[in-house]
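What follows is one structure encoded as structure tokens, with my remarks underneath.
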Amino acid sequence: MVQTVVVTGASSGLGLALVKRLLDRGDTVIGISRTKRHWKSARRAVGDSKRFYLSQVDAACEPAVQRFFQAAQKRTGAIDILINNAGYSGRLERLEKVSLTEFERHLTH
């Protein structure tokens with residue numbers, strides 16, 4: 001069954017690998033990326049797909065996310081799947097050394 005999928009963090013790494021896999025199975029993918037830094041390489045990686053859209057959205061900004069989903073639903077009708085792949089990249093250290101505030105940022109951003 002062909003579906004419309006939103007993938008956060010879609011322009012590089014695991015997110016881009018998921019995008020390619022979803023496109024290969026025939027799905028339409030709307031990728032979210034906080035910056036446009038990797039967009040050219042992401043588009044090259046997926047080829048000339050007419051089923052891949054990229055949107056610049058800060059997933060930590062609720063109003064921006066709401067605007068994105070309203071626009072995405074207008075474009076595609078319905079969104080079937082959300083893959084929340086975007087990650088917050090704070091300091092890299094052992095969990096027991098991370099402050100509660102920093103830990104909560106990892107969970108919510």
Select from the range 29-64 the residues that are under 15 Å from Ala10 (Cα atoms) and assigned to a helix (DSSP H, G or I) and list them in ascending order.
Trp39, Lys40, Ser41, Ala42, Arg43, Arg44, Ala45, Val46
Quick check on Thr108: is it under 18 Å from the mean Cα position of the chain (by Cα), open to solvent by 90 Å² or more (accessible area, probe 1.4 Å) and at pLDDT below 90?
yes
Filtering the range 65-102 down to residues that are closer than 22 Å to Gly13 by Cβ and among the aromatic types (Phe, Trp, Tyr), which residue is modelled with the highest pLDDT?
Phe68
Within the set of pairs 6 or more residues apart or between chains, which connect a residue that is assigned to a loop (DSSP other than H, G, I, E, B) inside the range 1-28 to a residue that is open to solvent by less than 50 Å² (accessible area, probe 1.4 Å) and of a type in the set (D, E, K, R) with Cβ atoms less than 7 Å apart?
Val2/Asp27; Gln3/Asp27
For the range 12-43, which positions are farther than 20 Å from Ala71 by Cα and either of a type in the set (Gly, Ala, Ser) or touching a Gly at 6+ places or on another chain (Cβ under 7 Å) (or both)?
Ser12, Gly13, Gly15, Ala17, Gly26, Ser41, Ala42
Take Ala17 and decide whether it is on the phi < 0 side of the Ramachandran plot and surrounded by 11 or more Cβ atoms within 10 Å (Cβ to Cβ).
yes
Any residue at all in the range 56-74 that is over 15 Å from the mean Cα position of the chain (by Cα) and of a type in the set (S, T, N, Q)?
yes
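The values are calculated or read from the model by the stated rules, or taken from the named source; none is laboratory data. None of these values were measured; they are calculated from a predicted model. FYI the Cβ positions are ideal-geometry reconstructions off the backbone, even for glycines, and counts take in every protein chain you see. To get the accessible areas, we keep the full protein, side chains included, count just its heavy atoms, and leave off ligands, DNA and RNA. Shrake-Rupley method; radii C 1.70, N 1.55, O 1.52, S 1.80 Å.
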